[in-house]
Amino acid sequence: MSPQGYDENLKERMRKFYRFIPQEKFLAASLLLFALLLATLFNSGSAAAQTKSFYWERFDVTITLLENGDMVIEETQILNFSGEPFTFGYGTILTGSVGNNDDIFDIQLREGDLVYRESSSNDPGTFEVSRSRDKVRIDWYFEPAVGQRTYTFSYVVQGGIIVGTPDEGSGDQIFWKAIPSDHPGRIQNSTVTLHLPEGVEPQRYIDDGTYLVEGLAAGDSNLVDTRVSDNGRIITYTLLEPLLSGQAFEVRVQFPHGILDISTPDWQQRQQNADVYGLIGIVISVLILVGGPLGVLVLWYARGRDPETGLIVPEYLPEPPSSLRPAVVGTLVDEKADMRDIVSTLVDLAQRDFITISENKAKNHVFTLVDASKGGLRPYESQFLKSFFGRKKERKLSELRYKFASKLPRLRKMLYEELIAEGLVDRSPDKVRNRYGLWAGLVVFIGMIAFFVPVIVLPEDAAFVGCCASIVLGITALFVGVVGRHMPTKTTKGAEEKAKWDAFKKYLQNIEEYEELAQAGDLFEKYLPYATAFGLDRSWVRKFAAMPHTPIPRWYTPYGHGRPIHHGSSGTDGGGSGGIGTAPSLPSLDSAADGMAGGLESMSAGLTRMLNSTASTMRSVRSSSGGRSSGSFSGGFSGGSSGGGGSRGFG
């Protein structure tokens, strides 16, 4: 396309574009765009014009120590302003334990011959002082200033001396932050001059006789030239290179203790008390930390161990050592009436022909009460049947969801009572654990008191004592709670029974080592309730499912295999007489699985699923919605941090 053709095509496109935009809207948009462009240009130029900066040509400080221990400090700041005029300056001085002084007072400010007056008007030639708990702030206001300006302000520091002790090598110190690190500009030059009273001069190092004086710029003494006058009363600290923003200028001198009659400042007294309280707190905390858990261990050793019986038990026992029911055995062994003990009661009652279990098409299990009038039921078993079936003869497992969990506390309590009735324990293990849980809660409560009381009673610097005490009490409470879980004890009879049942548990756990499982299929149903109580039900089913000709429990019917088959008498307990009938032979896990799509694995999986889903359903409930820097002087008042500090700036 030629250039002329291209231009014609462009013009045609522009005409089409403008036809779709009303003329008045296009004009308004153009004006708006033009206005925004002018505003941008204006703001850019304005921002460039408003840029301003400053630095200190000099920042000199004079410190005069008075006989009473007060320090008169005068700061002379020579600044260079550039850019837009500056109209105010500010400074903050830290007080209390943060600034190592008791107070700042008699604040004065001048600019040459102009003496500023204190006022809150913010007018030029005035300054305002505001105080908080740990700092004093001075804001002063002046006529718009550009170029070099000199401001001088002075103040008196009360309690700024670190008072030492009469011990050899100790002394009183001035350790002051003449220029704080919080200054936004460069300080080109600075000299700090410190005047001591008549008859006072710095201490000397014992080794070489040099004065105990030091200047630090950014923590480095090599950046400061420190000199002492011939009479020892005037010390000058000269900065050797510019001090950058974020760097502090500190001066330090130590003189003999007792030359001046200076009392210990309040902030230092509080700090010393805090050190004493801290030492006491640490000692108490260590004693509690060691003595608390040790005392709990001694208590467990004395009262939390089962009695020695002297009974020699074989490595394993191939049959139940007594007639204790599975749920009672499970509660005895681990001293807890947990969910597997409840489920073992269900399996035990089924094995004794009180209950049958079948699986329907929807994989839901149906429980049928065969005969609850037969004898041989323990109180907790009768209560279980009542809680499980109510007034019905048949229950679907799904009907128990969210409804059975409320019955569990009573069943657990009755199992503990069964242990007491059998003479296996003297006190309910659950009550023993709860008692030690209450003791642990009491220790936590004492720890909370130990945390808050020191904050209220002790000085602020000693409040951490409560924190230490509360932490170690919390550790002790945790120890009490953990050890308390193991404080329930058994009687001599209970200890002997546990030892025997532990041997039987080992037999069930490793039965393949002691029996030929292919010829021991009858043990599967016989000991399944005990395996459930011991928490071995999954491995028990898995081991026997792998063996051919293992009989299916007569009380359990998978989906599609008719009704369960019952005997007149069965189980390890006898369970009464009368039954539903006897089949000449029982189907095995593998033969019954021939008609099932899932095969042998499906049969064993269904039985395991029944045990697991029953446990989870019976316990189901509805969820509700809803620093200090140390010095290098020999002896002295244990280092300490420099006082003063704060910030300086202009705007």
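The values are calculated or read from the model by the stated rules, or taken from the named source; none is laboratory data. From a predicted model like this one, the values you see are computed outputs, not experimental measurements. Please note: Cβ atoms are built from the backbone with ideal geometry, for glycine as well, and neighbour counts cover all protein chains shown. Areas reflect the complete protein model, heavy atoms only, side chains present, ligands, DNA and RNA absent. Shrake-Rupley method; radii C 1.70, N 1.55, O 1.52, S 1.80 Å.
Remarks
- Any chance residue 361 is of a type in the set (Lys, Arg), farther than 20 Å from residue 499 by Cα and in contact with a strand residue (DSSP E or B) (Cβ under 8 Å, 6 or more places away or on another chain): no
- Qualifying strands (runs of 3 or more DSSP E) (wholly inside the range 159-266; at least 1 residues being open to solvent by less than 10 Å² (accessible area, probe 1.4 Å), under 15 Å from residue 61 (Cα atoms) and among the small types (Gly, Ala, Ser)): 171-179, 213-217
- Among (1) surrounded by fewer than 24 Cβ atoms within 10 Å (Cβ to Cβ); (2) under 25 Å from residue 514 (Cβ atoms), the one test that residue 351 misses: (1)
- Here the condition is being within 30 Å of residue 296 (Cβ to Cβ), open to solvent by less than 30 Å² (accessible area, probe 1.4 Å) and part of a loop (DSSP other than H, G, I, E, B); of 432, 425, it holds for 425 alone.
- Here residue 143 clears all of (1) open to solvent by 60 Å² or more (accessible area, probe 1.4 Å); (2) at pLDDT 90 or above; (3) over 30 Å from residue 82 (Cβ atoms); (4) not small (Gly, Ala, Ser) except the condition numbered (3).
- Residue match in the range 331-341 (condition: modelled with pLDDT under 95 and over 48 Å from the mean Cα position of the chain (by Cα)): no
- Of the residues screened, residue 123 is not one that is of a type in the set (Asp, Glu) and under 17 Å from residue 644 (Cα atoms).
- In the range 355-396, counting only strands (runs of 3 or more DSSP E) that sit wholly within it, none holds 3 or more residues that are among the hydrophobic types (A, V, I, L, M, F, W, C), surrounded by 14 or more Cβ atoms within 10 Å (Cβ to Cβ) and over 50 Å from the mean Cα position of the chain (by Cα).
- Screening the range 60-135 for strands (runs of 3 or more DSSP E) wholly inside it with 2 or more residues that are of a type in the set (A, V, I, L, M) and open to solvent by 10 Å² or more (accessible area, probe 1.4 Å) returns the ranges 71-94.
- Within the range 483-509, considering residues that are outside any helix (DSSP H, G or I) and buried (at least 17 other Cβ atoms within 10 Å of the Cβ), the one nearest to the chain's Cα centre (by Cα): 487
- Of the criteria (1) farther than 18 Å from residue 537 by Cα; (2) open to solvent by less than 20 Å² (accessible area, probe 1.4 Å), which one residue 344 fails: (1)
- Qualifying residue in the range 610-621 (condition: within 34 Å of the chain's Cα centre (by Cα), of a type in the set (Lys, Arg), modelled with pLDDT of 80 or more and closer than 30 Å to residue 403 by Cβ): yes
- Checking each residue in the range 514-557 for being basic (Lys, Arg), in a helix (DSSP H, G or I) and over 18 Å from residue 612 (Cβ atoms) picks out only 526.
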